[in-house]
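I have placed the structure first, in the form of structure tokens, so that the comments after it can refer back to it.
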Amino acid sequence: MTRPPIGPEIMIAEWLFVETLEDLRRRCEKPRERSRYELLGIAPLLRKLFVDGHTLVDRVRAGRPEIQMDFRLRPWTKPESVGDDDLPYLIRLGGEELVGDQSTPSITTIQHLLKAQVGMVRDRPLALRDVVLYYANAEGGVHLGPAKNDTQEVLSSMAPLLLGHSNGQIEILAHIGRVATDGLSALYESVLSSPMRDTRMHLRNEHGFFENHWTTDRYRAQLGL
């Protein structure tokens, strides 16, 4: 994929990236205490960051390619047999165990992250990208639409049965979101510490931050000014 051009819109991209990551982080906290609607709202944030066209992450990294991504996702594996091998399972989705730690091999590209297995549908691997697109495009994260493939049909068939009863299935978005925010933390910190700016307008003040910039109010609040 060609690198997106760097222009004045990069400031908008960086602002949007920071706001998106903070929104994502909030929605992923204590997923069992979130409403289904709040959890569903994670899908468009993930789609914006990783899936749509020149993704938001790609646009921001175009201006700072030296900043690496570091996603620690444990690919889903089928649980050990508990005597139910003969039972038909339409869907098995990963849970909190998907969120890795420093001992988990690092995923450093969006392409590999989107291909990571996070579950199984009808004995077929379910990729992270499949989950994001289903909740964004079929179940209403962005718009409510018809299922476009067999995987989405299976997920759609289960959604009405779980509505008002259990968020166990959709909570996978929060676990994916945690992996995303952790993996993008270096890029997030880089943007806030040295944001793109117009040197004619955004001058550093005596407190060390830039005036008339989208970061100005953030630093004023941090410093109690």
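Laboratory data are not the source of any read-out in this text; all were calculated from the coordinates shown. Because the structure is a prediction, the values reported are computed rather than measured. Cβ coordinates were reconstructed from backbone atoms using ideal geometry, including for glycine residues, and neighbour counts include every protein chain displayed.
The P(r) of the chain has a tail past 22 Å containing 56 percent of all C-alpha pairs.
Counting neighbouring Cβ atoms within 10 Å and putting the fewest first, the residues L45, L114 line up as L114, L45.
Adding -39500 (n - 2.57) for every DSSP H run of four residues or longer, then dividing by how many residues the chain holds, sets the calculated 222 nm ellipticity at -12000 deg cm²/dmol.
Semi-axis lengths, largest first, of the ellipsoid equivalent to segment 139-225 are 44, 15, 13 Å, with √(5λ) applied to each eigenvalue of the Cα gyration tensor. Screening the chain for whole DSSP H helices of 15 Å or more along their axis (Cα) with average Kyte-Doolittle hydropathy at least 0.0 returns 10-28, 150-162, 172-183. Distance from the alpha carbon centroid of segment 108-144 to that of segment 153-225 works out to 21 angstrom. Normalised by the number of residues in the chain, the mean separation of alpha-carbon contacts (under 8 Å, six or more apart) gives a relative contact order of 27 percent.
Contact order, relative form, for segment 119-165: 24 percent (alpha carbon pairs under 8 Å, 6 or more residues apart, mean separation divided by residue count). Let a ≥ b ≥ c be the square roots of the eigenvalues of the Cα gyration tensor of segment 55-157; is it rounded (a/c under 1.5), or, if not, prolate (a/b larger than b/c) or oblate? It comes out oblate by the Cα gyration axes.
Counting every other Cβ atom within 10 Å of each residue's Cβ, T77, T216, T20 order from fewest to most as T77, T216, T20.
Over all other residues within a Cβ to Cβ distance under 11 Å of I12, the charged ones net out to -2, with Lys and Arg as +1 and Asp and Glu as -1. Going by neighbour counts of Cβ atoms within 10 Å, the residues W76, W15 line up, fewest first, as W15, W76. Shown is the FRET efficiency for L162 and K78, computed with R0 = 25 Å from the Cβ-Cβ distance and rounded to the nearest 0.05: 0.70. Longest stretch of the chain clear of exposed loop sites (GluC sites (Glu not before Pro), DSSP loop, at most 10 other Cβ atoms within 10 Å, sites excluded): 81-205. Think of segment 107-161 as having a plus end and a minus end, set by charges on the Cβ of Lys, Arg, Asp and Glu; of T108, L161, V118, T108 sits farthest toward the positive end of this dipole.
Listed by chain and number, the lysines whose alpha-carbon sits under 17 Å from that of K30, ignoring those within fewer than 8 places in the same chain, form an empty set.
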